[in-house]
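K.L.:
Pasting in a structure now, in structure tokens, and then I'll have a few things to ask.
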Amino acid sequence: MLRIAYVNGRYIEHRRAAVHVEDRGYQFADGVYEVIHLFRGRLIDEAAHLDRLDRSLGELDIAWPVSRPVLALAIRELVRRNRYATGLVYIQVTRGVAPRDHKFPGDTRAALVMTVRPIPEFPTEMREEGVKVITIDDLRWARCDIKSVALLPNVLGKQAAAAAEAYEAWMCDADGFVTEGTSSNAWIVTLYGTLVTRPTGPDILRGITRQAIIRIAGDMGLAVEERKFSREEALEAREAFLSNSSHFVTPVTSIDDTVIGNGKPGSLSAALHDRYAEFMESAPHALSRG
Ligand code: PLP
């Protein structure tokens, strides 16, 4: 099947899609992005992702490349042309193309690139076996709440995890508290069954899945504490898990080779995953009218 990308208003065969060498995203990482899960034809939490895109753009003083309704239409057209039922929609906005100079260019229009890639529904092994996590120092800048394309510390962290045959690296601040994963928010469950995740602020990304889990946990009558937790507390936790738009709730069964709980995915992580799956089923179909 022909894979199609969107580049500044044009739908182009994916393998031919390209941006200019002086795109500021390429030269300065001067841009932001979003990833929306397309699940059985539904765009999961689309409005929350576009709200966060709006916030990221606003924080960097980048204008929307097209209006929000036009972007929503373009996402749907891209989904329609690619014909994947389940996948990830990647949306990237940069400050645009201009002669290389650090300060903002005067009258450059923001650049918009989008792709869709198919992914399997609910990777069973991750859910049934859980994943390994390592901890590393958080080397990032002081505005991790902006979903910037500047991901080098995250790339290095994920590579360190891969080298240790782990799935994710949890980054720790100078005081030994976990901030988040390189591409996910970090959670533990205490011995009393309370869900704990770091409060939002400039040191983590405001995960859309994180927000949905807080809502769902509330509906389930579970206690949630938004507070910092240390690596040591995580090692003692009853359960641990990660959240992101690609894989929703992923149980963590070991951290730095210390087994978490009984070494099996925890029951709360599994229950949250199931409730999240119900929430996804309730989203409207992307290509339905009205
Ligand atoms: N934290 C980081 C650093 C991320 O890159 C991501 C997602 O890619 C998340 C958290 C989870 O965010 P979301 O649930 O919106 O996908």
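The values are calculated or read from the model by the stated rules, or taken from the named source; none is laboratory data. Bear in mind the structure is a predicted one, so any value in this text is a computation, not a measurement. Note: ideal-geometry Cβ built from the backbone for every residue, glycine included; neighbour counts use all protein chains shown.
K.L.:
Evaluate the following for Ser230: is it among the polar types (S, T, N, Q), out of contact with any Leu (no Cβ under 8 Å at 6 or more places or on another chain) and more than 16 Å from the ligand (Cβ to nearest atom)?
P.N.:
yes
K.L.:
Given the condition exposed (fewer than 13 other Cβ atoms within 10 Å of the Cβ) and touching a strand residue (DSSP E or B) at 6+ places or on another chain (Cβ under 8 Å), answer yes or no: does some residue in region 162-169 qualify?
P.N.:
There is at least one residue in region 162-169 that is exposed (fewer than 13 other Cβ atoms within 10 Å of the Cβ) and touching a strand residue (DSSP E or B) at 6+ places or on another chain (Cβ under 8 Å).
K.L.:
Continuing with the same structure: Could you tell me which residue of region 178-196 is farthest from Gly157 (Cα to Cα), considering only residues that are touching a residue at least 40 places away in the same chain (Cβ under 8 Å) and polar (S, T, N, Q)?
P.N.:
Looking at the filtered set, the residue picked out is Thr190.
K.L.:
Next question. Sort through Ile36, Ile12 and tell me the only one that's within 18 Å of Ser245 (Cα to Cα) and either of a type in the set (A, V, I, L, M, F, W, C) or in contact (Cβ under 8 Å) with a residue 24 or more places away in the chain (or both).
P.N.:
Matching residue, one of Ile36, Ile12: Ile36.
K.L.:
Out of Arg206, Arg109, report the one residue that is under 30 Å from Gly41 (Cβ atoms) and either within 16 Å of the ligand (Cβ to nearest atom) or of a type outside the set (Gly, Ala, Ser) (or both). Steps first, answer last, please.
P.N.:
Values: Arg109 fails: under 30 Å from Gly41 (Cβ atoms).
The conditions single out Arg206.
K.L.:
Okay, next question. Tell me the residue from Asp203, Asp256, Asp274 that is of a type outside the set (Val, Ile, Thr) and free of Cβ contacts under 8 Å to residues at least 24 places away in the same chain, please.
P.N.:
Asp274
K.L.:
From the residues in region 8-50 that are more than 16 Å from the ligand (Cβ to nearest atom) and among the small types (Gly, Ala, Ser), which one is nearest to Val89 (Cα to Cα)?
P.N.:
Across region 8-50, the extreme among qualifying residues is Gly41.
K.L.:
Right, something else. In region 90-103, is there at least one residue being within 30 Å of Pro265 (Cβ to Cβ) and away from the ligand (no atom under 13 Å from the Cβ)?
P.N.:
No, there is no match, as no residue in region 90-103 is within 30 Å of Pro265 (Cβ to Cβ) and away from the ligand (no atom under 13 Å from the Cβ).
K.L.:
If you don't mind, another one. Do any helices (runs of 4 or more DSSP H) entirely within region 1-92 hold 3 or more residues that are more than 20 Å from Ser148 (Cβ to Cβ) and at pLDDT 95 or above, and if so, which?
P.N.:
68-82
K.L.:
So, in region 172-215, exactly how many residues are touching a Cys at 6+ places or on another chain (Cβ under 8 Å), aliphatic (A, V, I, L, M) and farther than 15 Å from Arg52 by Cβ?
P.N.:
Qualifying residue count, region 172-215: 1.
K.L.:
Something else: For Arg76, indicate whether it is over 22 Å from the mean Cα position of the chain (by Cα) and of a type outside the set (Gly, Ala, Ser).
P.N.:
It is false that Arg76 is over 22 Å from the mean Cα position of the chain (by Cα) and of a type outside the set (Gly, Ala, Ser).
K.L.:
Residues of region 41-63 being closer than 21 Å to Ser246 by Cα and β-branched (Val, Ile, Thr), which ones?
P.N.:
Within region 41-63, just Ile44 meets the criteria.
K.L.:
Can you tell me which residue in region 109-139 is surrounded by the most Cβ atoms within 10 Å (Cβ to Cβ), limited to those that are of a type in the set (Ser, Thr, Tyr) and at pLDDT 95 or above?
P.N.:
The residue in question is Thr135.
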